[in-house]
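The block underneath contains the structure these notes are about, expressed in structure tokens.
The values are calculated or read from the model by the stated rules, or taken from the named source; none is laboratory data. What you see is a predicted model, and the numbers here were worked out from it, not measured in a lab. Here the Cβ positions follow ideal geometry from the backbone for every residue, glycine too, while neighbour counts run over all protein chains shown. Ligands, DNA and RNA are excluded from the accessible area calculation, which covers all protein heavy atoms including side chains. Shrake-Rupley method; radii C 1.70, N 1.55, O 1.52, S 1.80 Å.
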Amino acid sequence: EAGVTQFPSHSVIEKGQTVTLRCDPISGHDNLYWYRRVMGKEIKFLLHFVKESKQDESGMPNNRFLAERTGGTYSTLKVQPAELEDSGVYFCASSQDRRGYEQYFGPGTRLTVT
Amino acid sequence: ILNVEQSPQSLHVQEGDSTNFTCSFPSSNFYALHWYRWETAKSPEALFVMTLNGDEKKKGRISATLNTKEGYSYLYIKGSQPEDSATYLCAFYSNDYKLSFGAGTTVTVRA
């Protein structure tokens, strides 16, 4: 069974540019989560999709971040315009269980904003 | 925002030595405590899920204990090997279904 995949693995962009990250969850997992780890700090929750609906987006830092999950399959996270403080590793996770008790993580996308 | 703390932030271990490190978490609203092993550019790998006070789990040379009353968990690595080099993350799963992570302990095993 394929795990959670993320694309790209690494992205380097300039401040003010736009970047779109993609996450493909495990097939059949309705629940999809985005997290972010700024270097040296804890992984922080961004948002939770149940199928195509946003269940909880309380962790989204500001309106420069837009997450979508059209059709309830893969998800994208767009940052527009990117700022220096957006640099970090963006993780995606999926779970079968709506409570998110057992989450499977992707390898992350390392975003560097210069 | 739940305060989950891990210490130390990093440690260096000689191959063959044993080591341990700590995760502390709130003692209220506890549901479970997760330990993950993470190597850069790879997916965090689930090691243990612990739910009961006094729980002890073991996977090969790695084991963990849990004290929910005082809010801490220890992770132990016995006879460290170079392949144990990674960042070990703990995550507090609260009864409102949220995962809150610590910043991790980065272990480097020197041959």
- Query: Considering the range B:49-108 alone, what residues qualify as being part of a loop (DSSP other than H, G, I, E, B), open to solvent by less than 60 Å² (accessible area, probe 1.4 Å), more than 14 Å from chain A (Cβ to nearest Cβ) and in contact (Cβ under 8 Å) with a residue 24 or more places away in the chain?
  - Reply: B:THR68, B:GLY71, B:GLY79, B:SER80, B:GLN81, B:SER85
- Query: For A:THR76, which of the numbered conditions (1) open to solvent by 10 Å² or more (accessible area, probe 1.4 Å); (2) of a type in the set (Ser, Thr, Tyr); (3) within 14 Å of chain B (Cβ to nearest Cβ); (4) in contact with a strand residue (DSSP E or B) (Cβ under 6 Å, 6 or more places away or on another chain) fails to hold?
  - Reply: (3)
- Query: So which residues in the range A:70-101 are in a loop (DSSP other than H, G, I, E, B) and within 18 Å of A:LEU32 (Cα to Cα)?
  - Reply: A:THR73, A:TYR74, A:GLN96, A:ASP97, A:ARG98, A:ARG99, A:GLY100, A:TYR101
- Message: Please count how many residues of the range B:21-36 are within 19 Å of A:ALA93 (Cβ to Cβ) and surrounded by fewer than 21 Cβ atoms within 10 Å (Cβ to Cβ).
- Response: 2
- Across the range A:36-51, what is the number of residues that are in a loop (DSSP other than H, G, I, E, B) and more than 8 Å from chain B (Cβ to nearest Cβ)? 3
- Message: So, in the range B:70-89, exactly how many residues are within 18 Å of B:LYS42 (Cβ to Cβ) and in contact with a Leu (Cβ under 8 Å, 6 or more places away or on another chain)?
- Response: 1
- Within the range B:6-19, can one find any residue that is within 14 Å of chain A (Cβ to nearest Cβ) and of a type in the set (Gly, Ala, Ser)? yes
- Tabulated pairs, the range A:97-108, first at pLDDT 95 or above, second open to solvent by 50 Å² or more (accessible area, probe 1.4 Å) and in a loop (DSSP other than H, G, I, E, B), C-beta under 8 angstrom, 6+ apart or interchain: A:PRO107/A:SER9; A:PRO107/B:ALA41; A:PRO107/B:LYS42; A:GLY108/A:SER9; A:GLY108/B:ALA41
- Could you run through the range A:79-114 and say how many residues are surrounded by fewer than 19 Cβ atoms within 10 Å (Cβ to Cβ), in contact with an Asp or Glu (Cβ under 8 Å, 6 or more places away or on another chain) and away from every other protein chain (no Cβ under 13 Å)? 2
